[in-house]
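What follows draws every value from the coordinates through simple rules; no lab data is involved. Just so we're clear, the structure is a prediction, and the values are computed from it rather than from any experiment. Cβ: placed from backbone, ideal geometry, glycine included. Neighbour counts: every protein chain shown.
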Amino acid sequence: MKRWMVVAASGALLACGAPQEAPGGAEGATSAGAAAEGSAQSAAGSQAGGPAAAVAPAAPPGDFVDLLKQADGSYRKTGWNHYGPGHFELDTTTGVLTSHGGMGLLWYSVHTYSDFVLELEFKCTDSATNSGVFLRVPAVPTSDDYIYHSFEVQIDDTSEGIHSTGAAYDAEAPTKKASKPAGEWNQYRITFQGRRLQVELNGEAVLDWQAEPRGKVADFADAGYVGLQNHDDRSPVYFRNVRVRALR
C-alpha cells in the first residue's frame, strides 16, 4: 500500500459510488447475473450517490471454511466482490488467484468476521511485488476510504519496517523477516482476537500486537470483511488456499 490522500479521521465511510468488478480471466469479475450464486451478492454495494449496502451477517464459529473451493472440488469466486481498478483472475482448476492492475480490493462479502483465524498462501512475481491482506473492512467498500478504517497485513519485500512483509501496514513492524524468495509460495496465518493481532509467516511468528489506531489507520471496527489487494500491474501477486475460521 503506497497510495495516500488527505481525509478527516471521522471514521465514516464515504459513499462515493458503487463497487466495481472488472472483467477478465479464467473466472473474471462478478456480474449482476452472478448475484444468484450466493447471498453475499446482496452486499455488492450501494447505488451511486445512495446509502451503503447493509453489512453482511457475522460468520458463525466453527471449522475452517475454504473461501474459493466448492463442494464439487472446483474453484469459484462465489461470494467475492471487487472494488476499484483492476481485478483478480481465478484458475477454476488449481484455485490460484492472479492479480491484474490496481489499486483494488477483492473482498469476501458473505460474512463479516470479528475474532478469526485467516490462512492463505501467496507468491510474489519478483521482489517488487506489492500487495496485502485486509482485515475487518467495516462496510461495503464504496471509496478508497476503507484503507483508513481497517488493518492491512503487508506483502512487500523491498520495503522495511512498518511497510514490509508481515507488518501491520504503516502501524507495527514485523519482528523478523521470514518470507521466501520471489517465485516460491509463502503461508500466512493471521489471528485477530479482540485487539490482539498475530501474524505467522511460513511458520514463524513475526507480529504479536495490541492493535490501536496508528499511521494511516484512523480507527478500526470490532468486525468486518476480509480482502486481498491487487496493487498494480508491474508485478502480480498470486493467492491460493484462502480459508478462515470464525472464533466467535
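Values for this structure:
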{"read-out": "Any hit, the range 118-140, residues being among the hydroxyl-bearing types (Ser, Thr, Tyr), surrounded by fewer than 23 Cβ atoms within 10 Å (Cβ to Cβ) and not in a strand (DSSP E or B)", "value": "yes"}
{"read-out": "Of all residues in the range 213-244 being of a type in the set (Lys, Arg) and closer than 23 Å to Ala139 by Cβ, the one that is farthest from the chain's Cα centre (by Cα)", "value": "Arg214"}
{"read-out": "Residue match in the range 150-157 (condition: in contact with a His (Cβ under 8 Å, 6 or more places away or on another chain), touching a residue at least 12 places away in the same chain (Cβ under 8 Å) and more than 13 Å from Gly132 (Cβ to Cβ))", "value": "no"}
{"read-out": "Sole residue being under 30 Å from Thr93 (Cβ atoms), in contact with a Cys (Cβ under 8 Å, 6 or more places away or on another chain) and surrounded by 16 or more Cβ atoms within 10 Å (Cβ to Cβ), chosen from Asp232, Asp157", "value": "Asp157"}
{"read-out": "Cβ pairs under 8 Å, 6+ apart, first in the range 210-231 and over 20 Å from Leu120 (Cβ atoms), second part of a strand (DSSP E or B) and of a type in the set (A, V, I, L, M, F, W, C)", "value": "Gln210/Leu197; Val217/Phe151; Phe220/Phe151"}
{"read-out": "Search result, residues across the range 96-117 that are among the polar types (S, T, N, Q), surrounded by 23 or more Cβ atoms within 10 Å (Cβ to Cβ) and closer than 20 Å to Asp233 by Cβ", "value": "Ser99"}
{"read-out": "Any hit, the range 120-138, residues being among the small types (Gly, Ala, Ser) and within 18 Å of His87 (Cβ to Cβ)", "value": "yes"}
{"read-out": "Counted residues, the range 239-248 - those being surrounded by fewer than 19 Cβ atoms within 10 Å (Cβ to Cβ) and either touching a Cys at 6+ places or on another chain (Cβ under 8 Å) or more than 22 Å from Asp156 (Cβ to Cβ) (or both)", "value": "4"}
